[in-house]
Amino acid sequence: MSQPDAAVLKEIATLRAELEEANYRYYVLDDPTLTDAEYDRKFQRLKQLEEKYPDQVTPDSPTQRVGAPPAEGFPEVTHAIPMLSLDNAFSRDDIVAFAQRVAERLECEPDDIAFSCEPKLDGAAVSLVYEQGVLVSGATRGDGRTGEGITSNLRTLRSVPLRLRGEKAPSLLEVRGEVIMRHSGFEALNERAREEGSKVFANPRNAAAGSLRQLDPRVTATRPLEFHAYQAARIEPDMNDKTHSALMQRLSDIGFRTSAELSVMHGPSAVVDYCDALGEKRDRLGFDIDGVVIKVDDLRLQRELGFVARAPRWAIAFKFPAQEETTQLNDVEFQVGRTGAITPVARLEPVNVAGVTVSNATLHNADEIARLDVRIGDTVAIRRAGDVIPQVVRVDKDKRPKDAREIEFPRRCPVCDSDVERLEGEAVARCSGGLYCPAQRKEAIKHFAGRRALDIDGLGEKLIDQLVERDWVETPADLFHLSVEQLQTLPRMAKKSSTNLVNALEKAKNTTLPRFIYALGIREVGEATAVNLATHFGTLSALQAADQDALEAVEDVGPVVAAHVHTFFRQEHNQETIEALLKSGVRWEESEVEQGPTPLEGQTWVLTGTLESMTRDDGKARLQALGAKVAGSVSKKTACVVAGEAAGSKLTKAEELDVPVIDEATFLERLKAWEKGEEEDA
Ligand code: JCF
């Protein structure tokens with residue numbers, strides 16, 4: 001095997017440092033410096049060098065997060081220092097009493113004590129051990145005395161440093177903290193699980209704990225988990241930090257995510273204010289917390305206070321109201337969305353969940369009803385957290401009344417009586433009525449008028465319902481024919497509000513192409529896709545004329561979205577609506593996109609192996625800009641294969657099928673020539 005020279009060793013070290021820094025900026029500080037493409041490029045380069053020089057691979061290399069084989073089970077790990085739980089406080093009085101107890105022991109006044117306050121994260125507690133700055137072990141809390149060794153799984157979390165930052169690492173460090181899943185990641189995970197019929201988690205805490213206990217680390221690696229440090233159980237040699245808050249800053253400096261909400265409060269009434277303020281903010285954090293952890297900030301005083309039985313005397317957990325409550329399911333109704341998707345909605349006996357009255361919750365789809373085995377009359381657990389729609393998470397079958405009724409999923413649309421269709425492999429059932437269905441029509445018009453679409457001021461839900469019910473508005477274009485006289489005849493619409501609406505409609509006619517595309521409500525075309533489509537095609541007519549291949553050449557547009565867009569513009573009623581909209585004066589500035597040269601029109605290319613001068617994505621984009629399609633596998637129809645370093649089976653396949661193969665240098669030369677618009681002479 002060849003030995004790397006000094007320049008290669010230096011490149012490896014630099015890449016590792018850059019990737020570690022990028023991870024830290026992204027996953028710990030939430031302040032990324034590298035773009036995803038730059039990160040991928042450096043990562044691929046490091047992987048390539050490590051493949052060439054396997055002796056240089058180190059366990060703390062950024063490439064080594066995934067790769068451990070599936071485990072048979074997890075070893076038992078005895079915690080050097082038990083992982084304690086905290087005593088709870090449920091009221092202002094409990095907090096004041098805690099401060100009083102602490103003050104008595106320390107023989108001082110409660111108001112003279114500094115308390116460090118932070119959110120109590122609702123996830124799975126774990127402990128990480130670093131020796132000479134390198135992660136050697138990670139374990140769950142377990143029963144506090146022994147937990148499960150899940151090192152390979154914890155290594156896959158990018159917020160878990162594999163090596164500590166800084167010049168001089170402590171010889172031993174044990175850090176404890178919580179592994180959490182944010183609401184966004186949790187919802188996406190469950191959404192996917194519902195589609196695939198795999199395990200749906202009741203809440204982010206279960207999802208985090210379940211993800212950490214996967215035997216295959218590659219599964220854990222796909223779960224959106226974050227580690228937040230909250231305690232250093234052991235540091236050798238002692239760094240002599242004076243306070244818990246200073247120690248947290250140190251943990252942040254050496255590579256850990258710590259609470260952004262940590263504050264030091266002086267005296268119990270300031271602590272109570274902190275708890276109130278965090279309670280207000282709770283729904284906007286984007287992850288679950290179940291209270292506030294309050295600690296005596298001074299570490300010397302913590303030692304002086306010591307422990308009782310299972311909990312420290314120097315800390316307490318103030319608990320917020322639970323985000324799960326039980327209530328009764330009174331009925332299930334079926335709502336029809338913009339795309340016809342039929343969603344079962346649970347009508348509940350109203351119940352207060354963490355300060356908000358909940359009387360409806362989603363049941364998602366027919367599979368979810370079956371999974372929960374829920375019936376009308378059941379006692380159900382409801383979960384409400386942050387911006388997530390309240391959900392039914394469990395059924396208490398012991399409390400099921402004798403007359404509980406099965407929920408029947410409708411076969412016909414509850415609004416327009418069209419057939420309900422459920423495509424093979426899809427979790428959602430849809431009304432087949434399209435814009436014939438008043439429910440879909442209402443939703444389509446609400447979408448069209450929405451803030452992110454045409455932004456029609458003063459055209460609210462109730463008003464749209466009335467306009468559709470009276471058959472005044474069938475398509476968005478009809479909105480622009482409404483008159484003040486007509487609007488005035490509606491309940492609660494005086495002359496002034498009618499005039500305002502007509503003016504708002506006039507104003508909304510001036511829009512932009514991305515907004516217009518988004519407003520059309522094409523399936524799976526969100527704002528970002530609408531921008532990409534507008535930028536790529538420049539004009540509405542170019543977009544309307546695009547075929548499936550041309551659509552797939554747009555950034556982030558895959559076959560499914562391309563098909564939705566293509567089908568949309570082929571429907572006669574959609575063409576008519578668009579024409580009517582343009583005729584009534586909807587307009588925007590068009591920018592003819594300079595049509596680049598398309599010498600590769602109709603050709604399919606394949607990129608394989610590692611390219612030195614660009615990422616594969618860059619190569620793909622440049623080929624697509626020249627009119628080519630870029631595929632992932634080689635077939636007889638492939639026009640050309642670009643073979644980079646270490647190209648494998650695709651290269652063999654190309655040779656078998658006699659497909660032309662070029663190397664990177666030739667590829668670059670040809671790209672440049674084509675991009676300049678020179679004729680191909682081959
Ligand atoms: O966020 C938490 N769940 C959390 C738990 C935060 C802390 O600062 C903790 C904890 C459990 C024990 N501190 C201790 C000592």
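The values are calculated or read from the model by the stated rules, or taken from the named source; none is laboratory data. The shown structure was predicted, so the numbers you read here are calculated from the model rather than taken from an experiment. As a convention, Cβ positions derive from the backbone with ideal geometry for all residues, glycine included, and neighbour counts pool all protein chains shown. These accessible areas exclude ligands, DNA and RNA; they are computed on the full protein's heavy atoms, side chains included. Shrake-Rupley method; radii C 1.70, N 1.55, O 1.52, S 1.80 Å.
Okay, here's what the table says:
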{"read-out": "Single condition VAL126 does not satisfy, out of (1) under 22 Å from ARG310 (Cβ atoms); (2) more than 16 Å from the ligand (Cβ to nearest atom)", "value": "(2)"}
{"read-out": "Matching entry among LEU479, LEU487 (being surrounded by 13 or more Cβ atoms within 10 Å (Cβ to Cβ), touching a residue at least 12 places away in the same chain (Cβ under 8 Å) and within 41 Å of the chain's Cα centre (by Cα))", "value": "LEU479"}
{"read-out": "Whichever residue in region 298-308 is assigned to a strand (DSSP E or B) and over 14 Å from LEU247 (Cβ atoms) and, among such residues, is farthest from the ligand (Cβ to nearest atom)", "value": "VAL308"}
{"read-out": "Qualifying position, being within 13 Å of the ligand (Cβ to nearest atom), closer than 24 Å to ARG25 by Cβ and polar (S, T, N, Q), among THR258, THR220", "value": "THR258"}
{"read-out": "Pick from region 309-332, criterion among the aromatic types (Phe, Trp, Tyr) and within 12 Å of the ligand (Cβ to nearest atom), ranking: farthest from ASP373 (Cα to Cα)", "value": "TRP314"}
{"read-out": "Scope region 401-431; condition within 26 Å of THR327 (Cβ to Cβ), assigned to a loop (DSSP other than H, G, I, E, B) and open to solvent by 60 Å² or more (accessible area, probe 1.4 Å); matching residues", "value": "LYS402, ASP403, GLU406, GLU408, PRO414"}
{"read-out": "Some residue of region 197-209 being under 21 Å from THR58 (Cα atoms) and either at pLDDT 95 or above or more than 16 Å from the ligand (Cβ to nearest atom) (or both)", "value": "no"}
{"read-out": "Members of region 96-123 that are within 16 Å of the ligand (Cβ to nearest atom) and within 40 Å of the chain's Cα centre (by Cα)", "value": "PHE98, ALA114, PHE115, SER116, CYS117, GLU118, PRO119, LYS120, LEU121, ASP122, GLY123"}
{"read-out": "Region 267-278, subset out of contact with any helix residue (DSSP H, G or I) (no Cβ under 7 Å at 6 or more places or on another chain) and away from the ligand (no atom under 15 Å from the Cβ), residue least open to solvent (accessible area, probe 1.4 Å)", "value": "ALA270"}
{"read-out": "Restricting region 222-253 to residues that are touching a Lys or Arg at 6+ places or on another chain (Cβ under 7 Å), hydrophobic (A, V, I, L, M, F, W, C) and surrounded by fewer than 21 Cβ atoms within 10 Å (Cβ to Cβ), the residue that is modelled with the lowest pLDDT", "value": "MET239"}
{"read-out": "Unmet requirement for LEU135, which otherwise passes all of (1) of a type outside the set (S, T, N, Q); (2) without any contact (Cβ under 8 Å) to a residue 24 or more places away in the chain; (3) open to solvent by less than 20 Å² (accessible area, probe 1.4 Å); (4) farther than 30 Å from ALA385 by Cβ", "value": "(2)"}
{"read-out": "Qualifying residue in region 223-233 (condition: within 30 Å of THR343 (Cβ to Cβ), among the aromatic types (Phe, Trp, Tyr) and within 19 Å of the chain's Cα centre (by Cα))", "value": "no"}
{"read-out": "Unique match (being within 14 Å of VAL96 (Cα to Cα) and either more than 15 Å from the ligand (Cβ to nearest atom) or at pLDDT 95 or above (or both)) among LYS281, LYS295", "value": "LYS295"}
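Residues checked against (1) surrounded by 21 or more Cβ atoms within 10 Å (Cβ to Cβ); (2) of a type in the set (A, V, I, L, M):
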residue: GLY144; (1), (2): no, no
residue: ILE150; (1), (2): yes, yes
residue: ARG155; (1), (2): yes, no
residue: PRO161; (1), (2): yes, no
residue: GLY166; (1), (2): no, no
residue: LEU172; (1), (2): no, yes
residue: GLU187; (1), (2): no, no
residue: GLU196; (1), (2): no, no
